[in-house]
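Peer 1: So that we are looking at the same thing, I have put the structure below in structure tokens.
We did not get these values from a lab; they are worked out from the coordinates using the rules stated. The model shown is predicted, which means the values in this text are computed figures rather than measured ones. Here the Cβ positions follow ideal geometry from the backbone for every residue, glycine too, while neighbour counts run over all protein chains shown.
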Amino acid sequence: MKAWEITKFGKALSLTNRQIPIIRAGNEILVKVKAASVNPIDVRMTEGYGNELLSKWRQLHEMSFTPFNRLPLIAGRDLSGEIVEVGNNVTEFKVGDEIIATVPDTTNAVKKPSNVSHVEGVALAYTTATAWNSLCCVGRLNSENAKYNRVLIHGGSGGVGISAIQLLKALNIEKVVATASEANLDIIKNLGDEGPFDIILSCVDTELSRWSDKCMGIWRNCIHLSLVSPMLRDSDRYGIPLGLLSTGFKYFERSFNSLKNGRWYSYSFFMPNKECMNFYGNALESGKMKPIIEEEMSFMDMPKAYEKVGKLHGRGKTVVNFEL
């Protein structure tokens, strides 16, 4: 099969021929990919972002004394396609099923609704899983309590922001307010009529994000969630021990003032979640979530897609259509 990979961090993607993977465990499925989205994290990982910590985690996972080399690396966090083979223990899916999934395994897959294309289905898969983990797992929002909460989102025009807004609306949130650039600082300062906010989700790290703590309720169970953790970056820069120490210090510094006012601050990450994928599939089918696609590119234009997403100026998702 053809695949785009990197053999050295920071170098351009190169097209190679790889052997088709084989199923090694009973709960695995083999999927012929029809479409995949490109996310900023994919681009950053081709530049070496997170390699120090992720390599060590993989080494520990495999219980090996030999350092794990992640190169050559095929990036990507989501897909939509057709199942061509299933493991012996797979009962939810069969060969021929069309699915949407986030890596790494079958628990993060859902059947693709028939009313959306593969390109539409995959567009918000990874970003919705990221938003879900932040808002529903860490922030503890659900369909029962959402109507009593107000949420402020920084970076609302990015992939996670777009997903978070639609996710919150599908949960019948009381109010959601989103910002899209630093130019909105004056708007945030005048949000007295909109707040106080119970949850703030920062998809970007800016002075605007830090200032907005003042828009949160005082002595309430409020939380500021940030997707911009220094953990991977600092581990790459200082090594794992000092990197984790640096992350802990920055977290303490950031959260101390929040705790004094009865609020809390937390980093949040993408986390595969079956409940989220089921919700996402149903929301696509019902029309409660609609993909906002800025550009659709062919498989052969993968390097252009990475270059475009790496500029961080998108107004919607960039999706690669493997069938073009």
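Peer 1: Give me the number: length gained by fully extending ASN145 to ILE22, i.e. 0.36 nm times residue separation minus the C-alpha to C-alpha distance, one decimal in nm.
Peer 2: Once the chain is fully extended between ASN145 and ILE22, it gains 39.9 nm.
Peer 1: Here's a follow-up. Return the long-range amide H neighbours of GLY50 (sequence gap of 5 or more, or a different chain), with a cut-off of under 5 Å between placed amide H atoms.
Peer 2: Under 5 Å from the amide H of GLY50 lie the amide H atoms of ASP236, each far enough along the sequence or on another chain.
Peer 1: Can you give the angle from 0 to 90° between the axis of helix 159-170 and the longest principal axis of the chain, with both taken from C-alpha atoms, to the nearest 10?
Peer 2: Orientation of helix 159-170: about 70 degrees from the principal axis.
Peer 1: How large are Rg and Dmax for the chain when calculated on the C-alpha trace, in angstrom?
Peer 2: Calculated on Cα positions, Rg and Dmax stand at 20.2, 59 Å.
Peer 1: Would you look at the GNM of the chain, springs on alpha carbons closer than 10 Å, and say which of GLU98, GLU275, GLU296 moves the most?
Peer 2: Of GLU98, GLU275, GLU296, the Gaussian network model singles out GLU275 as fluctuating most.
Peer 1: Also: Roughly how many nanometres apart are two label points built 7 Å out from the Cα toward the Cβ at PHE9 and LYS290?
Peer 2: Each label point lies 7 Å from its Cα, and together they span 4.1 nm.
Peer 1: What is the distance in Å between the Cα centroid of segment 67-139 and that of segment 29-43?
Peer 2: For segment 67-139 versus segment 29-43, the Cα centre distance is 8 Å.
Peer 1: How do ASP213, ASP105 line up, fewest other C-beta atoms within 10 Å first?
Peer 2: ASP105, ASP213
Peer 1: For segment 4-65, state what percent of all Cα-Cα pairs lands in each successive 5 Å bin, counting from 0 Å until the bin that includes the largest distance.
Peer 2: Calculated P(r), rounded to whole percents: 4, 12, 14, 19, 25, 22, 5, 0.
Peer 1: Let me ask you something else. Starting from segment 94-175, pick out the trypsin sites (Lys or Arg not before Pro) whose DSSP state is loop and whose Cβ has at most 13 other Cβ atoms within 10 Å.
Peer 2: LYS94, ARG140
Peer 1: Put +1 on the Cβ of every Lys and Arg and -1 on every Asp and Glu Cβ in the chain; which of SER157, ILE20, TYR251 then has its Cα farthest towards the positive end of the dipole?
Peer 2: TYR251
Peer 1: Would you kindly state how much longer the chain becomes between MET63 and LEU259 on full extension, computed as 0.36 nm times their sequence separation minus their alpha carbon distance, in nm to one decimal?
Peer 2: Contour length minus the Cα-Cα distance gives 66.7 nm.
Peer 1: So if I take the centroid of the Cα atoms in segment 226-251 and the same for segment 271-324, what is the distance between those two points in Å?
Peer 2: 29
Peer 1: Same structure, new question: Using only Cα atoms and rounding to the nearest 10 degrees, what angle (0 to 90) does helix 274-286 make with the longest principal axis of the chain?
Peer 2: 90
Peer 1: Continuing with the same structure: Sort 308-317, 61-70 by packing, meaning the average of other beta carbons within 10 Å per residue, with the highest value first. Write out the running numbers ahead of the final one.
Peer 2: Details: 308-317: 15.5, 61-70: 9.5.
Ranked from most to least packed, the peptides come out as 308-317, 61-70.
Peer 1: Take the residue pairs LYS111/LYS169; LYS260/LYS317; LYS56/LYS112; LYS112/LYS214 and return only those whose Cα atoms are more than 30 Å apart.
Peer 2: LYS260/LYS317; LYS56/LYS112; LYS112/LYS214
Peer 1: Only Cα pairs under 8 Å and at least 6 apart count here; give the relative contact order of the chain as a rounded whole percent.
Peer 2: Numbers: 645 pairs, mean separation 67.0, N = 324.
Normalised by residue count, the contact order of the chain is 21 percent.
Peer 1: Would you mind computing, in nm to one decimal, how far apart the modelled labels at MET1 and LEU312 are, each placed 7 Å from Cα along Cα→Cβ?
Peer 2: It is 3.2 nm.
Peer 1: Nothing charged except the Cβ atoms of Lys and Arg (+1) and of Asp and Glu (-1): what's the magnitude of the dipole of the chain about its Cα centre? Round to the nearest 20 debye.
Peer 2: For this selection, approximately 460 debye.
Peer 1: Could you tell me the extents of segment 234-286's C-alpha atoms along the three principal axes, largest first, rounded to whole Å?
Peer 2: 45, 34, 13
Peer 1: Which order results if CYS136, CYS222 are arranged by neighbouring Cβ count within 10 Å, fewest first?
Peer 2: Ordered by Cβ neighbours within 10 Å, fewest first: CYS136, CYS222.
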